[in-house]
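Engineer: Please find one structure pasted underneath; my questions will follow.
FYI, it's all coordinate maths here, none of it is from the lab. These numbers were taken from a predicted model, which means no experiment stands behind them. Heads up, the Cβs are rebuilt from the backbone with ideal geometry, glycines too, and the neighbour counts pull from every protein chain shown.
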Amino acid sequence: MRRAPADLVTIVIPTLNEAGAIGRVIDEVRGHGFTRIIVVDGGSTDGTREIAASRGARVVVQEGRGKADAIRTAVRLVDTPYTLIMDGDWTYPAAYISRLLEEALRRGYDEVIGARLRGRENMPLLNRFGNGVITKAFNLLFGTSLSDVCSGMYLVRTDVLRRLDFECRGFSIEVEVAATVASSSR
């Protein structure tokens with residue numbers, strides 16, 4: 001029996017004090033038919049965990065510190081072929097989850113990265129500049145044509161994610177995952 005696209009992916013949302021946005025994020029994800037949602041909380045004190053649970057997400061407390069440890073905690077719980085990681089601050093539209101999954105399935109990619117559409121205006125100019133420089137350098141090094149290697153929304157084959165031995169702890173995890181996938185597919 002063929003599995004529906006929503007059954008192929010688990011949405012992982014690392015959080016730390018995202019009470020102002022996490023409810024909207026989960027509602028939007030569920031509104032697009034994705035029900036396998038794991039919120040990995042890094043010690044929020046603002047009610048993030050309670051809001052996420054009330055919206056139907058599976059909430060787990062992160063082991064360790066930093067975004068890499070949040071992903072490491074979650075991936076052990078994922079039972080789908082794909083894992084989509086997205087920030088819990090409502091920067092990324094859930095409407096694009098299906099497109100990322102379709103692209104991975106159609107092209108056989110190990111990873112598909114979403115580009116920021118919402119919230120870019122809230123990013124400091126220095127961060128935008130830095131992301132642009134990092135992305136251009138990444139593209140030159142790996143022969144890719146990415147538009148936002150630092151994006152906090154990306155889909156990865158779960159088996160590939162499980163094999164990664166993360167060296168970083170924080171938000172540079174996005175670049176590390178992309179670099180590992182890009183170098184292994186050369």
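Engineer: Pairs of alpha-carbon atoms within less than 8 angstrom and 6+ residues apart define the contacts here; what relative contact order does segment 5-184 have, in percent?
Structural biologist: So the answer I get is 24 percent.
Engineer: Can you list the residues, at least 5 places off or on another chain, whose amide H is less than 5 Å from the amide H of residue 90, using H built in the peptide plane?
Structural biologist: Residues meeting the criterion, in which the H sits 1.01 Å from N, do not exist here.
Engineer: Could you tell me what % of all Cα pairs in segment 42-142 have separations over 17 Å?
Structural biologist: 68 percent
Engineer: Applying a 10 Å radius around every beta-carbon, put 26-37, 126-137 in order of their mean neighbour count, most first.
Structural biologist: Output ranking for 26-37, 126-137: 26-37, 126-137.
Engineer: Same structure, new question: Hey, got the dipole for segment 5-184? About the Cα centre, +1 on K and R Cβ, -1 on D and E Cβ, debye to the nearest 20?
Structural biologist: 180 debye
Engineer: Moving on to the next point. I need two numbers for segment 5-184: Rg to one decimal and Dmax as a whole number, Cα atoms only, in Å.
Structural biologist: Both quantities, over Cα of segment 5-184: 15.2, 45 Å.
Engineer: Within 10 Å, count the other beta carbons around each residue, average over each peptide in 82-88, 176-182, and list them highest first.
Structural biologist: 82-88, 176-182
Engineer: Among 111, 18, what is the fewest-to-most ranking by other Cβ atoms within 10 Å?
Structural biologist: 111, 18
Engineer: Using amide H atoms built in the peptide plane, which far-off residues or other-chain residues are under 5 Å from residue 15 H to H?
Structural biologist: 40, 41, 42
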